[in-house]
Amino acid sequence: MENYITELEQAGLGQLLYNEPLAKHTTWKIGGPADVLFIPHGKDQLVSAIRLLHKHGVPWTNLGRGSNMLVSDKGIRGVVIKTKDGLDYVRFEGTLAHAGAAYSFIKLSVMSGKEGLSGLEFAGGIPGSVGGAVYMNAGAHGSDVSRIFRSAEIVLETGELVRFDREAMQFSYRHSILHEVKGVVLEATFELAEGDRNEIAAVLATNKERRLRTQPLQLACAGSVFRNPTGDFAARLIQEAGLKGVRFGGAVVSELHANFIVNTGQATAEDVLTLMSHIQGTIADRYGVQLVPEVLVVGER
């Protein structure tokens, strides 16, 4: 272990934090320590770091902006990568939007609208980064990333640089090839369409107002906890089962949106997992439906 840490330090590829509590870096404000938290200075530095980690056989986990993720109370062994400033950019080229992995997905929708480009209105209230949105094929309001995705530059766990088009990404509901092939999105290109700035802004405002009214976004949460089962909504099933307000430790099912679990201040990952299991068991017993988590559960158990 000391060899790779020494090499990372000497290479000056980014900021290194040791035994860093990941609760400080997740939207749920939950998570034990990372052995090493690495924040790369930019794209080239991230690629070099992954190649170095591969050479030493060191496991790594991509945290992104820490949304849609539950980190265990024991934390994550190896290196945790948090993309930040060096990958936080967007540039427009005609109807194409090229965005770095760390760029806010919400901000991308707003900036695209200001450019008079339509197609990302659905993203106006989706938290997290561009990289995370591509990884999860994030979606809302009847659309998702796959509808406007053109290609992405990705560094694989071996350090190899590849460019995947839409077909190669194998998108499906809240899924991409990156669930099976380990890699980090560096930059994604989205193919948009010319539109009316005022109309785009109006749709974004409507979507934002609805989310603020129906979701507990002012509290520590991670977005929707479960995927919607075919032909139904997880929130409807959870609400109908009378599970709003159910609590385990510091974790509680939101009274505002039944498919959100909020951290009331002292929730642990085990609190959340216990509550998730209780919800799944109740829905399976009552409706014969197996709810599948949408949030990623990572770390040592």
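The values are calculated or read from the model by the stated rules, or taken from the named source; none is laboratory data. No experiment lies behind these values; they were computed from the predicted model shown. Heads up, the Cβs are rebuilt from the backbone with ideal geometry, glycines too, and the neighbour counts pull from every protein chain shown. Side chains are part of the model used for accessible areas, which takes the heavy atoms of the whole protein and leaves out ligands, DNA and RNA. Shrake-Rupley method; radii C 1.70, N 1.55, O 1.52, S 1.80 Å.
Points to keep in mind about this one:
- Phi to ³J(HN,Hα) by Karplus 6.51 cos²θ - 1.76 cosθ + 1.60 over the range 207-215, Hz, x for Gly, Pro: 5, 5, 4, 5, 5, 4, 7, 10, 10
- Taking the three principal axes of the alpha carbon atoms in the range 20-166, the coordinate ranges are 45, 32, 23 Å, sorted in descending order.
- Candidate cross-link partners of K208 among the lysines, defined by an alpha-carbon separation under 24 Å and a same-chain spacing of 8 or more, comprise K29, K107, K114, K244.
- Accessible surface ranking that places the most exposed of D271, D88 first, with a 1.4 angstrom probe: D88, D271
- Long-range amide H partners of A140 with built H, under 5 Å: none
- More than 32 Å apart - percent of Cα-Cα pairs taken over the chain: 28 percent
- Of the Cα atoms belonging to the range 80-171, the radius of gyration and Dmax stand at 12.8, 39 Å.
- Sequence-distant lysines (8 or more away, or on other chains) whose Cα lies within less than 22 Å of K182: K43, K55, K82, K84
- For the range 132-279, a simple Cβ point-charge model (Lys and Arg +1, Asp and Glu -1, everything else neutral) yields a dipole of about 500 debye relative to the Cα centre.
- Amide H contacts under 5 Å for I81: F38, T61, N62, L63, restricted to partners 5 or more places along the chain or on a different chain, H placed in the peptide plane at 1.01 Å from N.
- Highest-fluctuation residue, G64, G32, G249 considered, GNM on the chain with Cα pairs under 10 Å: G249
- Taken about its Cα centre, the chain carries a charge dipole of roughly 580 debye when the Cβ of each Lys and Arg holds +1 and the Cβ of each Asp and Glu holds -1.
- Selected from V145, L275, F38, residue furthest toward positive end of dipole (the chain; charges at beta carbon): L275
- Rolling a 1.4 angstrom probe over the protein heavy atoms with all chains in place gives the chain an accessible area of 45 Å² per residue.
- Under the Debye formula (equal points on every Cα, no solvent term), log10 I(q)/I(0) of the range 1-105 at q = 0.16, 0.17, 0.23 Å⁻¹: -0.71, -0.78, -1.22
- Per residue, the convex hull spanned by the alpha carbons of the range 171-250 comes to 210 Å³.
- P(r) weight above 28 Å for the range 144-301, C-alpha pairs, percent: 39 percent
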